[in-house]
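Any read-out appearing in this document is the output of simple, stated calculations on the displayed coordinates, not a laboratory observation. Not measured: the values here are computed from a predicted model. No Cβ is skipped: glycine too gets one built from the backbone with ideal geometry, and neighbour counts run over all protein chains shown.
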Amino acid sequence: METTRGEARLGQAAVVPPGGQPDSPLEVVVLHTTTKGTLQALRTAAALAQGLAARIRLLVPQTVPYPLPLASPSIPKDFTERRFRTVASEVAIETYIDIRLCRDRRVLLESALKPRSLVVLSGRRSWWPTSESRLARRLRHLGHQVVFANLT
Amino acid sequence: MSAGRILVVDDEPQIRRVLRTTLTARGYEVHDARTGEDALESLRDNRFDLVLLDMNMPGIGGMETCREIRANSEVAIIMLTVRDSEHDKVAALDAGADDYITKPFGTPELLARIRAALRRLPTSAEGGPESYRLEELEINLATRRVISKGREIRLTPKEFDLLRYLLANPNLPIPHTRLLQAVWGPDYGDQVEYLRVFVNQLRKKIEPDPSHPRYLLTEPWVGYRLALPSNPA
C-alpha cells in the first residue's frame, strides 16, 4: 500500500490504467460525490471520452476519521471497490477506479489531480451554492477544467 | 475518406440495400433507418449531411418525419416517392424537403441530385476548398488529415467535425448553440461545457501555443471564431 502526503492508495490493480494506454493521454476524471451523482457524471464522462478518445478514471476520495489509522478505513476496501465496480459497470466505456484514503478531501484533490485535469462531477443546479457547485468552483480555481453534469 | 454522410430512410429492405451499395461505392458513408421514428432517433445521435427519405412508410410517414427533421436540423433532405403528382411535390417541398425524386429513378440522376444538395450545404466538404493552410498547419478535408510542422496530428471524428464546421464558416463568430447542434445534433444546444472541452482539446492539437490561441478564438459571450487568412491554400 502506497502512502503519500497523508493519503493511501488502495487496490493497486485498479489504480494502474489498463494497458498503459500510450495512445490516449487524455484522461477524464469522474469525481465521486454521491452514488446517483456519480452515475450521472459517469454517463456524461462516457459521452466526452468517446468523442475525445479519452479514458475515464473514477476518483473516490474516502475520508478516514482521525481515531482510525489512515490505512484502516471504517468501510473495508474490498467492499468499496466492489461497490464502485458495480457503479462503473453502468457505462460502456472502460473505467478504472482510483480509491484514495485521506483525512481531508480538499487536500487530497490537490495532489490526486494532475494540473489542468478534465474533471466531471455531478450535482443539483440551484440558486444557492451546493457542496458540489462549491467543489466545482474550487477545482476551477485550481486550474482544472470542470464539467458540471446537472443531476435531475 | 467520405464524400458525405447519408441517412437512407425506407421501409423496404431491398431499396435500402441497393442505395447503400450504390452510395458506398461512390464514397459516401451510408446509414439506414427502417422507419421515421428510427430516423429521428438516428439523427439525434449522429450528424448527417443528407437524408434520403421515403414518403410512404408505416408509423409516422415521410412527410411528418420531414417536418420533424426540418424543425431541428439544416440537413439536406431528398424525398423519394412513387407518386408523381404536383400536389405531392408541393407538399414535400413545403414540409422542408430540398428536392424530390420519383421512383423508379436512375443512379446517375440520384447521384447528381445528391451532389447538388450537398453543394448547397454551408458545411459541406464539397462546398469549399478541400485543403487549408494556416502557417505551419495543413488541413485536408477530403482525406481528414491534419499536419502541423510536418507531423500528422490525430483528431477524433468529433474534433474533426468541429474543425470542419468552423472552416466552413471562417472568420465568423459562431454561437455555442449553433456549433453544438451542427456537430453533436439538435439535442445538444445547451451543453456549452462539452464544447469548451472539445475546443480546448482542439487548441492543444492545432495551436502553436494553446494558452494564446491564434486560430481558434473565443468570442466572449457568443461562441467561437476560426481566424483564417483571406486566401487559404
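Rounded to the nearest 10 degrees, the angle from helix B:157-168 to the longest Cα principal axis of chain B is 90 degrees.
Looking at the stretch A:84-152, the GluC sites (Glu not before Pro) that sit in a DSSP loop and have at most 15 other Cβ atoms within 10 Å of their own Cβ are A:Glu90, A:Glu94. Its convex hull of Cα atoms gives the stretch B:131-226 a direction-averaged projected area, equal to a quarter of the hull surface, of 5.8 nm².
For B:Ala33, the residues whose modelled amide H falls within less than 5 Å of its own, excluding neighbours fewer than 5 places apart on the same chain, are B:Val8, B:Val9, B:Asp10. Using alpha carbons only, the radius of gyration of the stretch B:5-118 set against its Kirkwood radius gives Rg/Rh = 0.91. Find out how many positive minus negative residues lie around B:Gly150, taking Lys and Arg as positive, Asp and Glu as negative, among other residues whose Cβ is under 10 Å from that of B:Gly150. Cβ neighbours under 10 Å give a net charge of -1.
Output the direction-averaged projected area (hull surface divided by four) of the convex hull of the alpha-carbon atoms of the protein assembly as shown, in nm². Intermediate results must be reported in sequence, preceding the final value.
Numbers: hull surface 91.6 nm².
Its Cα hull, projected and averaged over all orientations, spans 22.9 nm².
In this structure, the amide hydrogen of B:Arg145, modeled 1.01 Å from its nitrogen in the peptide plane, lies closer than 5 angstrom to those of B:Asn140, counting only residues at least 5 positions away or on a different chain. Rounded to the nearest Hz, the phi-derived 3J(HN,Hα) couplings of the stretch B:76-84 under the Karplus curve 6.51 cos²θ - 1.76 cosθ + 1.60 (θ = phi - 60°) are 6, 10, 10, 8, 10, 8, 8, 8, 10, where x marks glycine and proline. Under a no-solvent Debye model with one identical scatterer per Cα of chain B, what's log10 I(q)/I(0) at q = 0.13, 0.14 Å⁻¹? Log-scaled intensity ratios, in q order: -0.80, -0.90. Lys-Lys pairs in chain B that are eight or more residues apart or on separate chains and whose Cα atoms lie under 22 Å of each other come to 5.
Mind listing which chymotrypsin sites (Phe, Trp or Tyr not before Pro) in the stretch B:146-233 are in a DSSP loop and have 14 or fewer other Cβ atoms within 10 Å?
For chymotrypsin sites (Phe, Trp or Tyr not before Pro) across the stretch B:146-233 that sit outside H, G, I, E and B with at most 14 neighbouring Cβ atoms in 10 Å, the list reads B:Trp221.
A Förster radius of 22 Å combined with the Cβ-Cβ distance from B:Glu109 to B:Glu74 puts the calculated FRET efficiency at roughly 0.35. Normalised by the number of residues in chain B, the mean separation of alpha-carbon contacts (under 8 Å, six or more apart) gives a relative contact order of 15 percent.
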